[in-house]
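Take a look at the structure set out below.
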Amino acid sequence: MPHLDAAYNLARWLTRNDHDAEDVVQEAYLRAFRFFDGFHGDNARAWLLSIVRHTCFTWLKRNRSRDQAVEPADGGAGAHQTSVTGAALADLESPEVLLLRALDRRQVNQALEALSADYREVLILREIEELSYRDIARIVGVPIGTVMSRLARARAQLQRAWLQVQAKDGGHGL
Amino acid sequence: MDCDAAKPLLSVYLDGELGAGESLALETHLEGCADCREVLARAEAASAAIRGQAEYFRSPGPLRARILDQLQASLPAAPPARAAARWRVFGIGSLAASAAALAASLLLFINAPGPANLIADQIVASHVRSMMAQHLTDVASSDQHTVKPWFDGKLDLAPPVVDLAKAGFPLVGGRLDYIDHRPVAALVYRHDKHLINLFVMPATGAATATADVTLVRGYEVLRWSAGGMDFWAVSDLNPGELKAWHDALTAALPPLPAAN
């Protein structure tokens, strides 16, 4: 059963819970097997992940309508847009870049978990599964342009969250 | 291109998804714009943070078995022809060293069993068993001069034994196996985490110098004969790699007469 780890990782990131992820993956594989006739493409992994993703969201809606992560309005709470300094620092790494480089595992995972599911899924599919925009668009069921803008916004939001956390956690002297 | 046009493209550029024309225009803009360079550097650092630090949740072992149980229960509904195609997608993945793998291999019995298929089935079953039962080898050695003499007196043939470490397929060892009601030699090769079992037995039919490839329950099975011996190889390697192994083996073996 190939792609089981990829399926589980996506489900685990979307449900944020081991037990739920297992149930979702199990259901998704059964569904995939049953509806195999609907697969005519060349990328079985993307096809399976689209089923896992669909199963996740159906499952979340059914079981967890109360704490669905809500997408914060852009420029909302996290709008800590550090002003970008000019040409003087152009070719040195800025303090912000250095902070982002120094993130630890806990900080990265916490911020990812705190993102809305829409943002989290495109980041996992892109950064971890290294899927193309075209495949991500198919899996998520949105146009490629939406994948582009969601990724860009997801990254921007993560950066703001991380820079705040870093400043709080011990970015001394910044 | 100005900053307003450039900013939304930076993330796309980072992902290598920007067209050539736009990439060029963006690079020209980046050369002269420290602000956009900074935005790009941050996006790169953020991307590296996720790639390097985000948890990768591997599926827990029992999940695989649970899914297989469930698939098995739902199986009779699937028509056999489509089952073969299904199997290729749901085929056993990497090193299938678990009871679940055997369950899976029994799950989709797709070929009508002719004599060659019966042997192929036994070969695949033996391959799976060898990994499950931790009984991969009776003589564990990458030295062909240790493995070859080990078979002396145990079989009515002398299997050719060569190490293919130079080609990326080190010999792991050999064991005695039992296929088609007789003892046969099994040689084990490794490629990364994948194993190849090569079974050598007295020839039963006409010699075929070129290898036939069949897919049995998700495993590639190669079969050829030479020098009065039948060779059967089975692995979960992808077809290209298995062919590379076969080519390396054929090149390393002393020439055997193709006809017997």
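When the range B:168-190 is filtered for residues that are surrounded by fewer than 21 Cβ atoms within 10 Å (Cβ to Cβ) and modelled with pLDDT of 90 or more, the ones remaining, listed by number, are B:G168, B:P170, B:R190.
Scan the range B:28-45 for residues that are crowded, with 19+ Cβ neighbours inside 10 Å and among the acidic types (D, E) and the total you get is 1. Taking B:L68, is it in a helix (DSSP H, G or I), in the same structural domain as B:A125 (by TED's automatic domain parsing), modelled with pLDDT under 60 and within 26 Å of the chain's Cα centre (by Cα)? Against the criterion (in a helix (DSSP H, G or I), in the same structural domain as B:A125 (by TED's automatic domain parsing), modelled with pLDDT under 60 and within 26 Å of the chain's Cα centre (by Cα)), B:L68 does not qualify. Taking into account only those residues within the range A:82-130 that are surrounded by 21 or more Cβ atoms within 10 Å (Cβ to Cβ), within 22 Å of B:E17 (Cβ to Cβ) and at the interface with chain B (Cβ under 9 Å from one of its Cβ atoms), which is modelled with the lowest pLDDT? Ranking the qualifying residues of the range A:82-130, first place goes to A:L100.
Keeping to the range B:46-65, report how many residues are outside any loop (DSSP other than H, G, I, E, B) and either more than 7 Å from chain A (Cβ to nearest Cβ) or surrounded by 15 or more Cβ atoms within 10 Å (Cβ to Cβ) (or both).
Filtering the range B:46-65 for residues outside any loop (DSSP other than H, G, I, E, B) gives B:46-53, B:61-65.
After this cut, where a residue has to be either more than 7 Å from chain A (Cβ to nearest Cβ) or surrounded by 15 or more Cβ atoms within 10 Å (Cβ to Cβ) (or both) as well, the list is B:46-50, B:52-53, B:61-65.
Residues meeting the conditions: 12.
Looking at this structure, is B:A185 under 18 Å from B:E241 (Cα atoms), without any contact (Cβ under 8 Å) to a residue 40 or more places away in the chain, hydrophobic (A, V, I, L, M, F, W, C) and assigned by TED's automatic domain parsing to the domain that holds B:S141? In short, no. Counting the residues of the range A:138-169 that are in a helix (DSSP H, G or I), farther than 23 Å from A:L100 by Cβ and more than 11 Å from chain B (Cβ to nearest Cβ) gives 4. I'd like the residue in the range B:7-22 that is within 20 Å of A:E93 (Cβ to Cβ) and facing chain A (nearest Cβ under 10 Å) and, out of all such residues, is nearest to the chain's Cα centre (by Cα). Taking the candidates together, the pick is B:L14. One residue stands out among those in the range B:23-45 that are away from chain A (no Cβ under 12 Å) and touching a helix residue (DSSP H, G or I) at 6+ places or on another chain (Cβ under 9 Å): the one that is nearest to A:R134 (Cα to Cα), which is B:S23. Residues in the range A:9-28 that are without any contact (Cβ under 8 Å) to a residue 60 or more places away in the chain and either under 14 Å from the mean Cα position of the chain (by Cα) or surrounded by 24 or more Cβ atoms within 10 Å (Cβ to Cβ) (or both): A:A11, A:R12, A:T15, A:A21, A:V24, A:V25, A:A28.
The values are calculated or read from the model by the stated rules, or taken from the named source; none is laboratory data. Everything quoted here is computed from the prediction, not taken from an experiment. Here the Cβ is made from the backbone with ideal geometry for all residues, glycine too, and neighbour counts use every protein chain on show.
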